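Here the structure comes first, spelled out in structure tokens, and everything after it is commentary.
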Amino acid sequence: MSGGKSREHPLANGGMKVSVWSKVLKSNEAWEDKDEFLDVIYWFRQIIAIILGVIWGVVPLKGFLGIAIFCLINAGLLYLYVSSFQQVDEEEYGGTRELTKKGFITSFALFLVVWIIFYTAFHFD
């Protein structure tokens, strides 16, 4: 046994199920399971929150400007990913507003925590 996980999993009908990770990185991929795609959006936002929180804390960016730029980048990257890269019909998932809301509050909270931690670590004695 190799111990590693296969990228494809056999289905009962003899076909192969492609892993979520391979779907995430391929353009214009078919998403049969809507919840799976919404989970991808949720975790995509969390990754953006961590990256931007670290950058904002190290730079040091402060105040409303940092929050506003985070919101614009978070929403903008997600919209580009959904509409241009994956080319998903937003109406299948409840419209643009529903996709924009998915995971935003938790990513915003995570962003604030990471931003505060890194800002404090780098800029306070």
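The values are calculated or read from the model by the stated rules, or taken from the named source; none is laboratory data. None of the values given here were measured: they were computed from a predicted structure. So basically every Cβ, Gly included, is an ideal-geometry build from the backbone, and we count neighbours across all protein chains shown. Each accessible area value is taken on the protein alone, full model and side chains, heavy atoms only, with ligands, DNA and RNA left out. Shrake-Rupley method; radii C 1.70, N 1.55, O 1.52, S 1.80 Å.
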| Here are some conditions: (1) polar (S, T, N, Q); (2) touching a residue at least 60 places away in the same chain (Cβ under 8 Å); (3) under 21 Å from LYS26 (Cα atoms); (4) in a helix (DSSP H, G or I). SER107 meets all but one. Which one does it not meet? | (3)
| request: Just one of (1) in a helix (DSSP H, G or I); (2) open to solvent by 30 Å² or more (accessible area, probe 1.4 Å); (3) of a type in the set (Ser, Thr, Tyr) trips up SER22, so point out which. | output: (2)
| said: With open to solvent by less than 60 Å² (accessible area, probe 1.4 Å) and either touching a helix residue (DSSP H, G or I) at 6+ places or on another chain (Cβ under 9 Å) or modelled with pLDDT under 90 (or both) as the only criterion, which of VAL59, VAL40 stands out? | reply: VAL40
| remark: Within the range 67-104, restricting to residues that are part of a loop (DSSP other than H, G, I, E, B) and without any contact (Cβ under 8 Å) to a residue 40 or more places away in the chain, the one that is least open to solvent (accessible area, probe 1.4 Å) is GLY95
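Test THR96 against the criterion of being at pLDDT below 85 and closer than 18 Å to LEU52 by Cβ, and give yes or no.
no
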| What do you reckon, is GLY76 over 22 Å from ILE117 (Cβ atoms) and at pLDDT below 75? | no
| message | Restricting to the range 110-125, name every residue that is open to solvent by 60 Å² or more (accessible area, probe 1.4 Å) and either touching a Phe, Trp or Tyr at 6+ places or on another chain (Cβ under 9 Å) or not in a loop (DSSP other than H, G, I, E, B) (or both). | response | VAL113, ILE116, ILE117, PHE118, THR120, ALA121, PHE122, HIS123
| Which residue, of LEU65, LEU112, LEU61, is under 17 Å from the mean Cα position of the chain (by Cα) and not aromatic (Phe, Trp, Tyr)? | LEU112
